[in-house]
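The values are calculated or read from the model by the stated rules, or taken from the named source; none is laboratory data. What you are looking at is a predicted structure, and each value in this text was computed from that prediction instead of being measured. Because the Cβ atoms are built from the backbone with ideal geometry, glycine has one as well, and the counts that use them run over all protein chains shown.
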């Protein structure tokens, strides 16, 4: 091949002939950015006027980089710096949490996962395809630290524009090594987006150790197309999956009414936006659709003006989400990719309009289109084949995200699936019905008192002020939040509790502090809570951003048994003995477990005492035991004490005290107490009388029963008559008060 073929154009030389990879080159258009372009009115790209179909087709060509009229040196520079910054945040999080999550003594050791793969997928190739990771070489603590720091150093080098192609590959390989081996700590969307952006950025980036702006090596049209295709998929799929979603929230325009409250860790700005009226949230949905469905069409078919509009809509959407929620680096990455909508001439024109002369000249100097330098045929064909394969994979994932009828992915897709570098994006298509969270609580006095392990970034206390943490992503905290969803049972929760009992310093460091500096815990329980935003009036009066309700035990508690071993509470044998009629054995086992700190065994004991199973009826002990459980903060204990006061079990009947305990349990979301308050109000026995509270309590109870078939059947059978009885005697102001009370707890009035 001649030297002429390998000539690379400098900033001031004429562009070389395009390589075989390029489409037919368009004429170079000179521009005078001080006074505007020299294009003839009615012409496109300096060519004579065409029919509107030809002009319409011209814009997608420009968008894909095939028209050859735009220079993308500065947009490329901005995008690559953004990718580097995001990788820096990602690897910083891994440096902080990596050993505790995937180290040899962590919650989910990478070495154990790879060992498992070796047993089920014999052969290195088969195992590597299932988990492409550097940790096949070594998964010890030193290797994990080395890969994390290597990735961070590469991200820093990328930010400073040092050897961008190599550093992008190293970032991709190091990050993939973690993502492929700790699936439960990997949110599919944001990790996948970063991996795909890094991989496609390699051919998009300029070559060399210190390429600067890379003017001698402008991005090739195919690389431009693949990067913009990535952005287009993220934009378009985000809107399409909402339209095609089978959930009701997007269809009935209530999605934004719940998004801020149900996100893992909303910001304080999200709290205040949540307080805005429903009409504003409907506007937000309209704006979201404009940014995700209209914007990509404008970018494709409306030329530079359309791309400016698309850039503005997309940027405002991502900035709004970033300011109100904490979805890690997801929105930061989406914002950075938005610069792909621009080109150097657009930036220069904007600087000229804003009278920023220095920036205008800087952007204008690089705005003349340049053809990429010639490369050898084998590199051309290799690049075409690699990006063509990637494009085919993305078409499959695009169709799948839109609900394509695919039962099992074809073999080529399965082969590359674990690399997570060609993806379909389904951002915010569904929201959980409420903000749930798992708290790990310990006791060092046999369950008499409990202390919560404080998470670093998720709200746990009612007065916890929502904070700004994005683009940093606290992986452990967010995994706990994801594990709290109804029906979700990931395997990390029980090992985490076991590590806390074993006083593992790496796992303890995941929390803000160790609440047991005095004496180690002997019991760890895992409990689900539902958190609801308060309104601004409540915040001003109490300083509380949240109302926190107990939503049940997540898993049986872990404890240190008499032999010093870590075990899990198990009432199964005692329950089996009770069902078999062996009341004495059941009572003895319940009593033993209660002494160890199993509070659920205490409720079983109280029930047996009240019914005389295995022991004589002992109402005084029932009341004493219920009071002890209530004193420990057990919501069921509060309800049982109320029952004792209402019916005179072991204590003199006192309806006022019964109502007080029912209210306390109802404030914590206890279904039976909520219903009982409504029943007492309908019977005109609620002390003091408060019909609006009773009607609101029935509404909230019905809302809590929505996901429980037995509770829902009970509500349908018992509540209609109570509701009708209350409404028949309530005034309009009382009905309005009941509606307000129910709305404050996110329940529709009955």
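Summary table
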quantity: Hits in the stretch 203-262 - residues which are part of a helix (DSSP H, G or I) and free of Cβ contacts under 8 Å to residues at least 40 places away in the same chain; calculated: 256, 257
quantity: Any hit, the stretch 81-88, residues being touching a helix residue (DSSP H, G or I) at 6+ places or on another chain (Cβ under 6 Å) and modelled with pLDDT under 95; calculated: no
quantity: Output for the stretch 363-385, where each listed residue is assigned to a helix (DSSP H, G or I) and out of contact with any helix residue (DSSP H, G or I) (no Cβ under 8 Å at 6 or more places or on another chain); calculated: 377, 378, 379, 380, 381, 382, 385
quantity: Among (1) over 21 Å from the mean Cα position of the chain (by Cα); (2) in a loop (DSSP other than H, G, I, E, B); (3) closer than 28 Å to residue 194 by Cβ - the single one residue 413 does not satisfy; calculated: (2)
quantity: Filter result for residue 599 (modelled with pLDDT under 90 and in contact with a strand residue (DSSP E or B) (Cβ under 9 Å, 6 or more places away or on another chain)); calculated: yes
quantity: Test: residue 314 is in contact with a helix residue (DSSP H, G or I) (Cβ under 7 Å, 6 or more places away or on another chain), closer than 16 Å to residue 239 by Cβ and either in the same structural domain as residue 460 (by TED's automatic domain parsing) or crowded, with 21+ Cβ neighbours inside 10 Å (or both); calculated: yes
quantity: Residue check, residue 332 in contact (Cβ under 8 Å) with a residue 40 or more places away in the chain and farther than 21 Å from residue 74 by Cα; calculated: no
quantity: Residue among 721, 710, 705 that alone is in a helix (DSSP H, G or I), surrounded by fewer than 22 Cβ atoms within 10 Å (Cβ to Cβ) and out of contact with any helix residue (DSSP H, G or I) (no Cβ under 9 Å at 6 or more places or on another chain); calculated: 710
quantity: Among the candidates 327, 301, residue that is surrounded by fewer than 18 Cβ atoms within 10 Å (Cβ to Cβ), modelled with pLDDT under 95 and outside the structural domain of residue 186 (by TED's automatic domain parsing); calculated: 301
quantity: Matching residues, the stretch 569-607, being surrounded by fewer than 22 Cβ atoms within 10 Å (Cβ to Cβ) and at positive phi; calculated: 581
quantity: Filtered residue count, the stretch 264-292, keeping only those that are surrounded by fewer than 22 Cβ atoms within 10 Å (Cβ to Cβ) and not in a helix (DSSP H, G or I); calculated: 4
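Yes/no per residue for (1) over 21 Å from the mean Cα position of the chain (by Cα); (2) assigned to a helix (DSSP H, G or I); (3) farther than 21 Å from residue 76 by Cα:
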position: 129; (1), (2), (3): yes, yes, yes
position: 139; (1), (2), (3): yes, no, yes
position: 144; (1), (2), (3): yes, yes, yes
position: 169; (1), (2), (3): yes, yes, no
position: 173; (1), (2), (3): yes, yes, yes
position: 197; (1), (2), (3): no, yes, no
